Amino acid sequence: MLEKFTLIAPCHFGMEAVLKREITDLGYTIVNVEDGKVTFEGDKDAVAKANIFLRTTERVLLKVASFKATTYDELFEATKEIPWEEYIPMDGKFWVKKASSIKSALFSPSDIQSIIKKAMVERLKNKYNVGWFSEAGNEYPLRVSIMKDEVTIALDTSGESLHKRGYRKMTAKAPLTETLAAALIMLTPWKKDRILIDPFCGSGTIPIEAAMIGMNMAPGMNREFTAEKWTNIVDKKSWYRAVTEAEDLILPDVKMDISGFDIDPEVLKAAKANAADAGVLDKIHFEKRDVKDLRSDKSYGFIITNPPYGERLEEKAAMPELYTTIGKSFNGLDKWSYYIISGYEDAQKYIGRQADKNRKIYNGMLKTYFYQYMGPKPPRK
Ligand SMILES: C[S@@+](CC[C@H](N)C(=O)[O-])C[C@H]1O[C@@H](n2cnc3c(N)ncnc32)[C@H](O)[C@@H]1O
């Protein structure tokens, strides 16, 4: 059995530093940080722990090989050289689930997929001494990326994307992914002992992710991963150990002051159902409230929020008024910090204040900004 792995964790562009910190905190060694991905080293436990504990990666890939190829012959030969028998059992189902290519001679995803599959079949036929494969056993999906002719082949240990924690059955319009919501929270200095309000909470993603962070609840405890079935690569024990550790770390009684408001009672129903599924409903106060009525007599709180940004033309006309209201409401709070992710390019103009910091973030294909207005730190107790 293989003992050491190189693991690749893709993330939202701009969130690499947050993910790197998460991986270092888990105790693993970073090999490389590139745009949209962090590569690190780990053992079998790392495969399980990365899937269960990381909040800001989309999936965990187990790197099998990388090599240069500019022709399909080279791709075929180099793929055939890989010791696939160490990864894929005789009855394993294997295929290239996704191939991508940037600035490379080989660029057709379907050709890359079929050549790699052919080369793998060729290799495994020889090693297993069989003429064909039933592929009736466990699944071993592969992801291939070619960057400037450098081919990287990896097994996908996660399966369904890790932003699918399993709690969000109902969504609002334009929800944030769970991984992005977690990354945004982790970009701010918010900690569980500080007040947090999301005045545009929609299906509750930001308050729910914050509550999970505050409770130290691992995001992947309630879902499955493809690699759980790969007992030839990662023992069952590694998964048990990671889940037990995750359970032991939860702080069920932690006191937090987290609220989610929204103008739409239907999305609030979804938010509550999602929070209940995530096991954090008792940590969040949900309430129907228009942002114009946002008040607090407390100081030093945090707002982390994702307001509407007028994706559709008819909504766009309402944005100046909405962002003016946001400015009035947020600026009326005493010594608060607020963090707004929005695709509305005139956000700062109508809020009436330049953000202290601003960061470009791609939410899927959509260019958005994370406007950061930092309030003062509370005096030390
Ligand atoms: C982009 S969505 C938020 C999505 C949320 N982050 C999620 O993950 O589901 C914006 C939300 O703002 C709410 N909204 C619109 N106008 C509002 C207002 N004036 N006051 C409070 N909420 C409002 C909408 O009902 C919608 O749920």
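Readers should treat all values here as calculations from the given coordinates under stated rules, not as data from a laboratory. Only a predicted model underlies this, so the values are computations on that prediction, with no experimental measurement involved. Counting neighbours? That spans all protein chains shown, and the Cβs are built from the backbone with ideal geometry, glycine included.
If R0 is taken as 51 Å, the Cβ-Cβ distance between GLU247 and ALA317 corresponds to a FRET efficiency of 0.55.
What is the magnitude of the charge dipole of the chain about its Cα centre, with +1 placed on the Cβ of each Lys and Arg, -1 on the Cβ of each Asp and Glu, and no other charges, expressed in debye to the nearest 20? For this selection, approximately 740 debye. Subtracting the Cα-Cα distance of SER66 and GLU266 from 0.36 nm times their residue separation leaves 67.1 nm of extension gain. Based on DSSP, what percent of beta bridges with both residues in the chain are antiparallel, to the nearest 5? Around 60 percent of the beta bridges assigned by DSSP in the chain are antiparallel ones.
Comparing MET90, GLY375, THR152 along the charge dipole axis of the chain, the residue lying farthest to the positive side is GLY375, per the Cβ-charge model.
Take the Cβ atoms of ASP346 and THR171, set R0 to 30 Å, and the FRET efficiency comes out at 0.65. Extending 7 Å from the Cα toward the beta-carbon at both LYS236 and LYS335 defines two label points whose distance is 5.5 nm. Using the Cβ of PRO265 as centre and a radius below 13 Å, the other residues enclosed give a net charge of -1, where K and R count +1 and D and E count -1. For the residue pairs LYS118/LYS237; LYS283/LYS349; LYS173/LYS349, alpha carbon separations beyond 31 Å are given by LYS118/LYS237; LYS283/LYS349. For MET1 and ALA136, a Förster radius of 22 Å and the Cβ-Cβ distance give a FRET efficiency of 0.45, rounded to the nearest 0.05. Full extension of the chain segment joining GLU287 with TYR362 gains 24.1 nm, where the gain is 0.36 nm per residue of separation less the Cα-Cα distance. Taking the average, over residues, of other Cβ atoms within 10 Å as the packing measure, peptides 142-149, 128-135, 346-353, 328-335 rank 142-149, 346-353, 328-335, 128-135 from highest down. Which parts of the stretch 63-81 would a label at GLU122 reach, counting a residue when its backbone N lies under 17 Å from a point 7 Å out along Cα-to-Cβ? So the set is 67-81. Considering only alpha-carbon pairs that sit under 8 angstrom and 6 or more positions apart, the relative contact order computed for the stretch 5-156 is 25 percent.
Positive end of the dipole of the chain, charges at C-beta (+1 Lys, Arg; -1 Asp, Glu), about the Cα centre: which of PHE67, SER203, VAL254 has its Cα farthest in that direction? Among PHE67, SER203, VAL254, the one farthest towards the positive end of the dipole of the chain is VAL254.
What does the C-alpha gyration tensor say about the overall shape of the chain? Classify as rounded when a/c is under 1.5, otherwise prolate if a/b is larger than b/c, or oblate. Verdict is prolate for the chain. Within a straight-line Cα-Cα reach of under 24 Å, LYS117 can be paired with the following lysines, leaving aside sequence neighbours fewer than 8 residues apart in one chain: LYS63, LYS68, LYS80, LYS93, LYS97, LYS98, LYS103, LYS125, LYS127, LYS148, LYS229.
When the Cα positions of HIS285, GLN113, ILE30 are compared along the charge dipole of the chain, HIS285 comes out farthest toward the positive end, with charges on each C-beta of Lys, Arg, Asp and Glu.
Considering only beta bridges that DSSP places wholly inside the stretch 5-156, some 75 percent are antiparallel.
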